[in-house]
Amino acid sequence: MTAIGWAQIGLFFLVVLAVTRPLGAYMFRVFAGPPLLPRLERAAFRLCGTAGEEQSWSAYTISLLAFSLFGVLVTYAIERLQLHLPFNPQHLSGVEPALAFNTAASFATNTNWQAYTPETTVSYLTQMAGLAWHNFTSAAAGIAVALALARGFTRKGRGHTVGNFWADLLRATIYVLLPISFFYALFLVSQGVLQNLAPYKELTTLEGVKQTLAMGPVASQEAIKMLGTNGGGFFNANSAHPFENPTPLTNFVQLVSIFAIPSALTWTYGRMAGDQRQGWALFAAMAVLFFAGVTATYAAESRDNPALHAPNLEGKETRFGIAASALFATVTTDASCGAVNSMHDSFTPLGGLVPLANIQLGEVIFGGVGAGLYGMLVFVLLTVFIAGLMVGRTPEYLGKKIEAREMKLAMLYVLVFPLIILSLAGWAAVVPYGTSSLANAGPHGLSEILYAFSSGAGNNGSTFAGLNANTPFWNVALGFDMLIGRFLMIVPALAIAGSMAGKKVIPAGTGTFPTNGALFVTLLISVVVIVGALTFFPALSLGPLAEHFAGAAGKVF
Amino acid sequence: MAHAQRGAMLDFWFVLGTVAFFALSWAYVRYCEGMP
């Protein structure tokens, strides 16, 4: 580890901290204030057949589900029919059905798992209308769910409603994601990121070899890819590709933009709660977990590869180096983004363990846009409940009592995640059509399987790329893994919102456990780590931990 | 021709599977709604 490496990490965090308040305040104005562009909103509502009225949690959820179903089907159709549609200068044929299903599910769930090679599989229209469109709407849907849950916790005397899904979706898109992405894309173009609709170029290299250079509307997709914590690269190499991430400055800005909205949402939440320290408490818990992860990854990757007695640079861009690669890997898996500027499969076993564990903690370390906040708020419920058990009092949060119904829903939320990951990973690990996709044997192979299903259910999208996931089994299994990890977790989260929204607020008394101080932050971190560790430690011990100790004994996989 | 027919059949199954998943999610909403 070097001083300049730590300086990069420190500067990154300071910039994220600096962005948190102004962006959080802007989002509070957007979502809690009167419409910024009332005529535009009214016209959009008329088009959607809604008046923007308040919805119950179930109406809100069904609106989200209907919108997402529509999105999956439209994207599937675009992929399958791309040969007959415009903006396909390479005349790429229709995407195979299983891959088209996997990709449609992937982008509708904000995962952006890519079992395909973009340059040779999807047309410009598919990239722009099928995939980048989802990058906006799936991120906006995540923000909407977080807002609904936040309203459930913080509203007083407004009945059982949690907002209007269409209004939240529209406002998140037109006031937050679109304007920032527009200027962000212009900045990326200024740094050398491509933005064109030209056919691929045939060039002759200095050695005289013919080479095809892929082109395309990259910058416009790159901006929302990072800002919306989507992560799906325009090119296969993702942010390691010089046309996607050409300079150290773009690398730094891409990192900040992953954390910007999730971090700012904690401030927005504090403002909604009427107590800014509530938001900072969530931010502090996330920050502590982030620093623990980045320290572990950076330390592991800074050690020499024991088999080579040389720095572990396989899969890393030398223009970014070890520190920026370790930071990117930590940030992208903390935040369910999934973009990569280095190949996680080539990390040391312990260096690869951290991104995997980050995902398995439930993507709550800042987390996906919106998804991080609603995930952390469910952990807050668990923490308050455990604290209540410790002192023998009925748990309460922000003056609202937490009762059996909320705890049942919180458990449904927490349990579906490991259930889907571990059952599918167990299945894939014992059947030939699962293991035949592995490039590595032994514990590293298990890590590749575990990473794939964790990444899918966590809606992250990054991968241990030694796994060939473009087979019928993997496309279908991961497609449903992503859908379950997204929607079957959102349903109980929104049910909690509805349940909490109608509760009476009780004034804080001497027995009230404060949820805005250091003790609560410590307890919250402990709950997140213990739930994650208890659930996944046995699997991790058979994968990256076993590989680490085998490597120390001179055996590599 | 056989390839196109196979593709159309798979399209049918994937669309059906997707709709079935969202129908299940809708049923899950109703289940959570009725939870005491």
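Read-outs throughout are calculated quantities, based only on the coordinates presented, and are distinct from any laboratory measurement. Please read all numbers here as calculations on a predicted model, not as lab measurements. Using ideal geometry, Cβ is built from the backbone for each residue, glycine included, and neighbour counts are taken over all protein chains shown.
Treat every Asp and Glu Cβ in the range A:370-552 as -1 and every Lys and Arg Cβ as +1, leave all other atoms uncharged, and give the resulting dipole magnitude about the Cα centre to the nearest 20 debye.
Values: 8 positive and 6 negative charges, 147 e Å.
Roughly 700 debye, rounded to the nearest 20.
Calculate the mean, over all residues of peptide A:486-495, of how many other protein chain Cβ atoms lie within 10 angstrom of the residue's Cβ. Show your work: numbers first, answer last.
Numbers: counts 1, 6, 4, 0, 3, 9, 5, 0, 2, 6.
Average neighbour count from other chains, rounded to a whole number: 4.
Take each of the peptides A:189-199, A:272-282, A:488-498, A:59-69, average the number of other beta-carbon atoms within 10 Å over its residues, and list them starting from the highest. Write down the numbers at each step before the final one.
On the way: A:189-199: 15.5, A:272-282: 19.5, A:488-498: 26.8, A:59-69: 21.2.
Packing proxy ranking, top to bottom: A:488-498, A:59-69, A:272-282, A:189-199.
Considering only A:LEU438, A:PHE366, A:VAL476, whose Cα is most displaced toward the positive end of the charge dipole of chain A, charges sitting on Cβ of Lys, Arg (+1) and Asp, Glu (-1)?
Going by the Cα projections, it comes out as A:PHE366.
Label A:ARG29 and A:VAL556 with points 7 Å out from Cα along Cα→Cβ: what is the distance between them in nm?
Using points 7 Å along Cα→Cβ, the separation is 5.4 nm.
Taking H placed 1.01 Å from N in the peptide plane, check which residues at least 5 places from A:ASN305 or on another chain put their amide H under 5 Å from its amide H.
A:ALA310, A:ASN312
State the percent of C-alpha pairs, over all pairs in the range A:293-389, separated by a distance greater than 15 angstrom. Display every interim value, and only then the final one.
Working: 2840 of 4656 pairs.
Result: 61 percent of Cα pairs exceed 15 Å.
Before rounding to the nearest 500, sum -39500 (n - 2.57) across all DSSP H runs of length at least 4 in chain A and divide by the residue total; then give [θ] at 222 nm in deg cm²/dmol.
Values: 20 runs with 342 residues, N = 557.
Calculated at 222 nm, the ellipticity per residue is -20500 deg cm²/dmol.
Give, as a single signed number, the net charge of other residues whose beta carbon lies under 12 Å from the beta carbon of B:MET35, with Lys and Arg counted +1 and Asp and Glu -1. Provide the component values of the computation, followed by the final result.
Details: positive: A:ARG405, A:LYS408, B:ARG30; negative: A:GLU403, A:GLU406, B:GLU33.
Residues near B:MET35 contribute 0 overall.
Considering all alpha-carbon pairs of chain A, what whole percent are spaced by more than 46 angstrom? Write out the running numbers ahead of the final one.
On the way: 14554 of 154846 pairs.
It works out to 9 percent of all Cα pairs.
What are the ³J(HN,Hα) values, in whole Hz, obtained from phi via the Karplus relation 6.51 cos²θ - 1.76 cosθ + 1.60 with θ = phi - 60°, for each residue of the range A:39-44 in sequence order, with x given for Gly and Pro?
5, 4, 5, 4, 5, 5
Grab the eigenvalues of the alpha-carbon gyration tensor for the range A:23-274, scale each by 5, take roots, and send me the semi-axes largest first in whole angstrom.
36, 21, 14
Averaged across the residues of B:10-18, what count of C-beta atoms belonging to other chains lies within 10 Å of each residue's C-beta? Intermediate results must be reported in sequence, preceding the final value.
Numbers: counts 7, 7, 1, 4, 14, 6, 0, 6, 12.
So the per-residue partner count for this stretch is 6.
Taking the Cβ of A:MET27 as the center, what net charge do the other residues with Cβ under 13 Å away carry, scoring Lys and Arg +1 and Asp and Glu -1?
Numbers: positive: A:ARG21, A:ARG29, A:ARG171, A:ARG271; negative: A:ASP168.
With Lys, Arg at +1 and Asp, Glu at -1, the net is +3.
In sequence order, what are the phi-derived ³J(HN,Hα) couplings for the range A:274-282 according to the Karplus relation 6.51 cos²θ - 1.76 cosθ + 1.60 with θ = phi - 60°, rounded to whole Hz, with x for glycine and proline?
Using θ = phi - 60°, the values come out as x, 8, 4, 5, 5, x, 5, 5, 5 Hz.
Give me the dipole magnitude in Debye, nearest 20, for the range A:23-274 about the Cα centre, with unit charges on the beta carbon: positive for Lys and Arg, negative for Asp and Glu.
Numbers: 14 positive and 11 negative charges, 199 e Å.
In debye, rounded to 20, the range A:23-274 gives about 960.
Over chain A, what relative contact order in percent results from Cα pairs under 8 Å that are six or more residues apart?
Numbers: 1016 pairs, mean separation 111.2, N = 557.
Rounded, it is 20 percent for chain A.
Quick one: net charge around A:LEU92, please, counting Lys, Arg +1 and Asp, Glu -1 for every other residue with C-beta under 11 Å from its C-beta. Show your work: numbers first, answer last.
On the way: positive: none; negative: A:GLU79, A:GLU119.
After counting each charged neighbour, the total is -2.
Under 13 Å Cα-Cα from A:LYS201, which aspartates and glutamates qualify once same-chain neighbours fewer than 8 residues away are excluded?
Excluding near neighbours in sequence, the set is A:GLU119.
Quick one: dipole size for the protein assembly as shown, taken about the Cα centre, charges +1 on Lys/Arg Cβ and -1 on Asp/Glu Cβ, in debye to the nearest 20.
Roughly 1760 debye for the protein assembly as shown.
Please return the longest range in chain A lying between exposed loop sites, taking GluC sites (Glu not before Pro), DSSP loop only, at most 13 other beta-carbon atoms within 10 Å, and leaving the sites out.
Values: sites that count: A:GLU53, A:GLU207, A:GLU314.
After excluding every exposed loop site, the longest remaining stretch is A:315-557.
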